[in-house]
Amino acid sequence: MKRLKELSRILLKEVSHTYDRKVEAVSGVSMECEDGKLTAILGPSGCGKTTLLRIIAGLIIPTSGKVYFDDDDVTRVPTEKRNVAMVFQFPVVYSNMTVYDNLAIPLKARRIPASEIKQKVKEIAEFLDLTDYLSRNAQKLTPDIKQRTSLGRAIIRDSRVLILDEPLTNIDPRARVELRDKIVHYKIQKKQTIIYVTHDQGEALTLGDKIAIMKDGKLLQYGSLQEVYEMPKTSFVASFIGNPGMNLMECEVTKFDSRIVLKSGDFRFEATQNISRLIEKRNLKEVVLGIRAEHIQLSRKRLEGSLEGECEITEDHGNLNIIVLNTGGKKIRVKTPETYKIGECVYIVFPEDKLRVFTKDGYLIA
Amino acid sequence: MLGELEVKNISKRFGEQDVLRNINLKVSDKSFTCILGRPGAGKSTLLRIIAGVEEPDEGKIYLNGVDITDLPPKERNIAMIYQSYALYPHMRVFDNVANPLRARKLSKDQIEKRVTTVLDFLGIKKLSNRFPRELSGGEAQRVAIARALVREASVYLLDEPLTNLDFKIRERMREELKRMCKEAGATILYATPDPIDALAMSDYTVVLVEGNVRQSGITRDVYDCPADLQVANLFGSPPINILDCVIKEKDDKMVLETPFMEIDVTRYKGRLDPSSEYCIGIRPHHLMISSKEEEKRGYEIEFKGFINLTHIIGSETLCYVKVNDHDMTIHLPYIYKEDI
């Protein structure tokens with residue numbers, strides 16, 4: 001497969017969309033999807049990701065805002081003139097047609113010579129392991145073969161933009177892994193501009209060069225894997241990304257001597273100098289303390305600055321255990337290779353560089 | 001409520017097919033037992049027989065020492081939760097959960113109190129007035145669990161309750177089910193094809209292969225010492241790496257020759273027969289990677305491979321590696337992404 005020559009950068013400027021003048025599905029989204037890269041749009045169901053994708057595809061004209069492909073304003077350009085190819089969650093194949101004809105259809109429509117079509121179909125079929133199915137009726141095949149056929153029909157066109165809407169959600173787990181790997185290889189070889197919508201963080205983190213995380217119609221964060229994982233801009237992103245999500249503890253800001261102590265029930269945590277300064281600068285009364293399960297250090301002996309906790313639940317994950325600790329009424333999840341018993345007393349240390357602090361309404365400050 | 005369950009010599013045929021063959025199983029009170037097996041292994045049939053909705057061809061079921069084989073489901077004090085939730089679509093959440101109690105003619109106050117306690121325990125009290133169609137998958141699953149829990153049964157049977165849920169919710173539900181067993185003192189028998197479910201939640205695991213109990217015991221023991229290749233394969237996610245090998249004797253040393261490395265097994269000399277064929281299995285999370293060749297770390301076994309693909313699962317990474325012509329999977333406990 002050859003790399004594409006014609007690439008498109010997609011630019012969204014303040015895009016909003018309201019259905020029936022009531023529900024705002026997408027609100028004020030601005031982002032740039034780089035050419036030749038895969039942008040993953042990730043979020044829970046109802047976050048507006050599919051609406052945003054339909055706006056990019058041209059299936060919906062947004063209530064306000066602009067969509068650019070390179071320097072062309074395509075906001076009001078219909079789908080068929082945008083040169084985008086789409087694959088949907090539920091496989092779409094033309095019934096009573098063979099897999100071969102399904103793949104060939106976009107090329108036939110463009111009056112490409114038969115020999116060239118044959119060559120192209122052969123190439124795509126080989127890439128997607130569809131060669132053995134070419135003469136079969138597409139309608140009668142399993143969902144994963146149908147979905148591979150849909151994908152083949154989308155990529156055979158060499159379109160300006162490829163849009164994938166949860167393409168792996170409705171196929172069985174084993175086939176899902178295979179098709180995901182096909183998409184990885186396709187992306188590497190072809191360097192097409194791809195928009196990939198999913199609710200599955202594994203797919204988004206694996207496939208995405210950049211990841212856009214949406215909730216309630218808003219774009220919460222747009223960045224690389226490292227950025228969204230290490231520096232989540234909001235507490236929602238922190239808990240949504242990762243396995244398990246980041247521990248979040250709502251705390252009151254209190255003072256003891258000149259030091260700042262974060263407090264909640266019987267939970268006490270003395271803030272580091274750096275964090276204290278930021279809290280004082282903003283005069284915050286409440287904050288949310290965040291730390292990832294794998295960054296917490298545990299010990300059976302009391303250490304300086306450690307918190308005492310009781311092991312409530314342990315989950316074996318083969319290589320690691322996920323344990324739930326109760327410290328002063330707060331439940332904290334920790335990933336550790338060590339084995340602890342339920343009811344055991346454990347001392348907890350939060351390494352300073354791994355601590356994140358959010359405002360009460362969930363925005364990152366440190 | 002005491003929940004000691006014993007399954008004795010249970011067999012079941014559907015037409016020509018043996019679905020269960022002479023199953024023996026003991027579940028102790030307040031324990032969490034997983035029945036692990038591929039689709040079609042007989043897991044659901046076994047649960048259905050225990051629940052009483054299916055009759056065994058042979059064998060007996062005992063609950064707290066009492067033979068319940070011929071009792072109808074209602075009189076067994078065993079609650080079952082199905083993969084499909086099976087909620088009544090025309091009833092609100094509260095009524096769905098209250099339903100088993102109404103059938104037992106409890107007073108209105110008693111029902112109200114019991115249902116509220118259970119909804120609260122599962123964190124779904126605020127959904128009381130919703131209809132099933134207004135629930136997400138995870139919420140519907142919790143309602144189904146609440147409906148089983150409200151009965152205060154001796155044993156809870158769960159048939160793949162997490163299979164249809166997405167990753168994030170599955171993670172939460174595992175913790176909640178474990179809490180239900182530990183804090184509510186429930187006895188749980190849980191059927192699943194997912195090895196992580198078994199590892200993360202259960203005290204005991206029973207591996208079912210084509211209607212036979214292939215291995216059973218303390219979960220971690222079964223995981224660490226699988227009885228055969230099939231169990232090793234089944235009980236691991238991602239599956240264990242298997243390599244064929246031959247035994248070579250050199251001087252007074254004995255080595256296992258795999259396609260791309262040698263392992264000194266002199267210390268197992270008496271237990272290995274040089275004329276037999278062997279396989280070795282290495283779990284993906286027991287392998288590590290290093291990108292620099294000069295950085296030999298002095299481990300007993302080292303080999304060179306090329307990373308084909310990486311797949312990030314939450315905070316961890318699966319690396320698919322080619323070593324000569326062999327595919328190996330490596331499970332890293334951190335995020336690893338090569339810049340492509």
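The values are calculated or read from the model by the stated rules, or taken from the named source; none is laboratory data. No experiment lies behind these values; they were computed from the predicted model shown. Cβ sites come from the backbone with ideal geometry, for glycine too, and all protein chains shown count toward neighbours. In case anyone asks, the SASA skips ligands and DNA or RNA and just uses the protein heavy atoms, side chains included. Shrake-Rupley method; radii C 1.70, N 1.55, O 1.52, S 1.80 Å.
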* To do: Rounded to whole Å and sorted largest first, list the principal axis extents of the Cα atoms in region A:65-116.
  => 42, 30, 14
* Asked: Between B:232, B:86, B:191, which gets the highest mean-square fluctuation from a Gaussian network model of chain B, Cα cutoff 10 Å?
  -> B:86
* **Degrees between helix B:167-183 axis and first principal axis of chain B (Cα, 0 to 90, nearest 10)** => 70
* Asked: Can you give the angle from 0 to 90° between the axis of helix B:108-121 and the longest principal axis of chain B, with both taken from C-alpha atoms, to the nearest 10?
  -> 20
* Given region B:162-321 reduced to its alpha-carbon atoms as identical point scatterers, what log10 I(q)/I(0) does the Debye formula return at q = 0.11, 0.12, 0.14 Å⁻¹? -> -0.63, -0.73, -0.93
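To one decimal place, what orientation-averaged projected area in nm² is obtained for the convex hull of the Cα set of chain A? Show your work: numbers first, answer last.
Working: hull surface 89.3 nm².
Taking a quarter of the hull surface, the average projection is 22.3 nm².
Determine by what factor the alpha-carbon radius of gyration of region B:1-79 differs from 2.2 N^0.38 Å, reporting the quotient.
Details: Rg = 12.2 Å, N = 79, 2.2 N^0.38 = 11.6 Å.
Ratio of Rg to 2.2 N^0.38 Å for region B:1-79: 1.05.
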* To do: Have a look at the DSSP beta bridges in the protein assembly as shown and tell me what percent are antiparallel, nearest 5.
  => 75
* Where the only charges are on Cβ atoms (+1 Lys, Arg; -1 Asp, Glu), what is the dipole of the protein assembly as shown about its Cα centre, to the nearest 20 debye? -> 2340
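Can you give the accessible area per residue of region A:1-87, in Å², using a 1.4 Å probe?
51
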* Asked: If you take the charge dipole of region B:120-231 about its Cα centre, with +1 on Lys and Arg Cβ and -1 on Asp and Glu Cβ, which of B:198, B:155, B:218 is farthest toward its positive end?
  -> B:155
* Radius of gyration, Dmax [region B:227-340; alpha carbons; angstrom] -> 15.7, 49
* To do: For region B:9-14, just list the computed ³J(HN,Hα) in residue order, Karplus coefficients 6.51, -1.76 and 1.60, θ = phi - 60°, integers in Hz, with x standing in for Gly and Pro.
  => 6, 7, 10, 8, 10, 10
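Expressed as a rounded percentage, what relative contact order does region A:211-366 have, with Cα pairs under 8 Å and six or more residues apart?
Numbers: 310 pairs, mean separation 35.5, N = 156.
Computed over region A:211-366, the figure is 23 percent.
Quick one: if the Förster radius is 30 Å, what FRET efficiency do residue A:31 and residue A:181 give, using the C-beta to C-beta distance and rounding to 0.05? Could the numbers behind the result be given before it?
Details: r = 27 Å, r/R0 = 0.90.
It comes out at approximately 0.65.
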* Asked: How large is log10 I(q)/I(0) at q = 0.10, 0.12, 0.14 Å⁻¹ when the Debye formula is applied to the Cα atoms of chain B, each weighted equally and without solvent?
  -> -0.72, -0.94, -1.13
* According to a simple spin-label model (label point 7 Å from Cα along Cα-to-Cβ), what is the distance in nm between residue B:70 and residue A:188? -> 6.6
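In percent, what relative contact order does chain A have, based on Cα pairs under 8 Å that are 6 or more apart in sequence?
Details: 747 pairs, mean separation 58.6, N = 366.
Relative CO of chain A lands at 16 percent.
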* To do: Return the aspartates and glutamates within reach of residue A:13: Cα separation strictly under 12 angstrom, same-chain partners fewer than 8 residues apart disregarded; answer none if there are no such residues.
  => A:32, A:73
* Amide H contacts of residue A:75 (H built 1.01 Å from N, under 5 Å, at least 5 apart or other chain) -> A:67
* **Projected-area mean, region A:170-215, by convex hull of Cα positions, square nanometres** => 3.6
* To do: With +1 on each Lys and Arg Cβ and -1 on each Asp and Glu Cβ, and nothing else charged, work out how big the dipole of region A:108-221 is about its Cα centre, in Debye to the nearest 20.
  => 580
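B plus A alone minus the pair: what accessible area, both sides summed, probe 1.4 Å, in Å² to 100? Show your work: numbers first, answer last.
Details: alone 18620 and 18460 Å², together 34140 Å².
It comes to approximately 2900 Å² buried between B and A.
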* Would you be so kind as to identify which of B:313, B:122, B:91 lies farthest towards the positive end of the dipole of chain B, taking Lys and Arg as +1 and Asp and Glu as -1 on Cβ and the Cα centre as origin? => B:91
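In this model, which of A:49/A:182; A:146/B:337; A:81/A:108; A:49/A:210; B:26/B:60; A:301/B:182 are farther than 19 Å apart at the alpha-carbon? Don't skip to the end; give the middle numbers.
Working: A:49/A:182 23 Å; A:146/B:337 30 Å; A:81/A:108 17 Å; A:49/A:210 15 Å; B:26/B:60 12 Å; A:301/B:182 26 Å.
Among A:49/A:182; A:146/B:337; A:81/A:108; A:49/A:210; B:26/B:60; A:301/B:182, the Cα-Cα distance tops 19 Å for A:49/A:182; A:146/B:337; A:301/B:182.
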* To do: Can you give me the P(r) profile for region B:28-146? Cα pairs, bins 5 angstrom wide beginning at 0, each as a whole percent.
  => 2, 10, 17, 18, 18, 17, 12, 5, 1, 0
* To do: Collect residues whose amide H, placed 1.01 Å from N in the peptide plane, falls under 5 Å from the amide H of residue A:63; neighbours closer than 5 in sequence don't count.
  => A:16, A:17, A:18
* **region B:131-141 - phi-based ³J(HN,Hα) in whole Hz, Karplus 6.51/-1.76/1.60, Gly and Pro as x** => 8, x, 5, 9, 10, 7, x, x, 5, 4, 5
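Please compute the net charge surrounding residue A:272, taking Lys and Arg as +1 and Asp and Glu as -1 over other residues with Cβ under 11 Å from its Cβ. List each step's numbers first, then the result.
On the way: positive: A:259, A:277; negative: A:270, A:352, A:353.
Combined, the nearby Lys, Arg, Asp and Glu give -1.
With the full set of protein chains in place, find how many percent of the accessible area of region A:87-151 is carbon and sulfur; take the probe as 1.4 Å. Don't jump to the answer; show the numbers that get you there.
Values: 1940 of 3680 Å².
Of all accessible area on region A:87-151, carbon and sulfur atoms account for 53 percent.
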* Asked: How many Å³ per residue does the convex hull of the Cα positions in region A:174-265 occupy?
  -> 136
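How would you rank B:117-129, A:217-229, highest first, on the average number of other Cβ atoms within 10 Å across their residues? Provide the component values of the computation, followed by the final result.
Numbers: B:117-129: 16.5, A:217-229: 19.0.
The densest-packed peptide leads the list: A:217-229, B:117-129.
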* To do: Determine which residues of region B:41-76 fall in the zone a paramagnetic label at residue B:1 would reach in this model, i.e. backbone nitrogen under 14 Å from the point 7 Å along Cα→Cβ.
  => B:51, B:63-64, B:73-76
* Identify which of B:279, B:34, B:181 has the largest mean-square fluctuation in a Gaussian network model of chain B, with springs joining Cα atoms closer than 10 Å. => B:279
* To do: Tell me the Kirkwood hydrodynamic radius of the protein assembly as shown in angstroms, computed as one over the mean inverse distance between distinct C-alpha pairs.
  => 28.7
* Virtual spin-label span in nm between residue A:282 and residue A:79, 7 Å along Cα→Cβ -> 4.2
* Structure fact -> Expressed as a whole-number percentage, the relative contact order of region B:190-340 with C-alpha contacts under 8 angstrom and at least six residues apart is 15
* Structure fact -> Among B:16, B:112, B:316, the residue with the largest mean-square fluctuation in a Gaussian network model of chain B built from Cα contacts under 10 Å is B:16
* Work out the FRET efficiency for residue A:59 and residue A:139 from their Cβ-Cβ distance, taking R0 = 25 Å, and round it to the nearest 0.05. => 0.55
* Asked: Once the dipole of the protein assembly as shown is set up with Lys and Arg at +1 and Asp and Glu at -1 on Cβ about the Cα centre, which of B:167, A:305, A:154 lies farthest towards its positive end?
  -> A:154
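For region A:20-152, how big is the tail of P(r) above 20 Å, as a whole percent of Cα pairs? Mind showing how you got there, number by number?
On the way: 5059 of 8778 pairs.
The answer is 58 percent, as a whole percent.
Using a cut-off of 13 Å between beta-carbons, work out the net charge of the residues near residue A:319 (Lys and Arg +1, Asp and Glu -1, residue A:319 not included). Can you show the working numbers first?
Details: positive: A:335, B:220, B:283; negative: A:294, A:315, A:316, A:338, B:224, B:316.
Local charge sum for residue A:319: -3.
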* Structure fact -> Ignoring ligands, DNA and RNA, the residues of region A:318-360 whose accessible area with a 1.4 Å probe is reduced by 10 Å² or more relative to the chain alone are A:318, A:319, A:320, A:324, A:331, A:333, A:335, A:342
* Asked: By a straight-distance test (C-alpha under 12 Å), which aspartates and glutamates pair with residue B:292 as possible cross-link partners, with residues fewer than eight away in the same chain excluded?
  -> none
* Structure fact -> Rounded to one decimal in nm, the spacing of the 7 Å Cα→Cβ label points at residue A:172 and residue B:304 is 4.0
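Check each of the trypsin sites (Lys or Arg not before Pro) in region A:260-328 and keep only those in coil by DSSP with at most 15 other C-beta atoms within 10 angstrom; list them in order.
Working: sites: A:263, A:268, A:277, A:281, A:282, A:285, A:292, A:300, A:301, A:302; in loops: A:285, A:292, A:300, A:301, A:302.
Those satisfying the criteria are A:285, A:300, A:301, A:302.
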* Asked: How are the Cα pair distances of region A:249-366 distributed, in percent, across 5 Å bins from 0?
  -> 2, 11, 21, 23, 18, 12, 8, 3, 1, 0
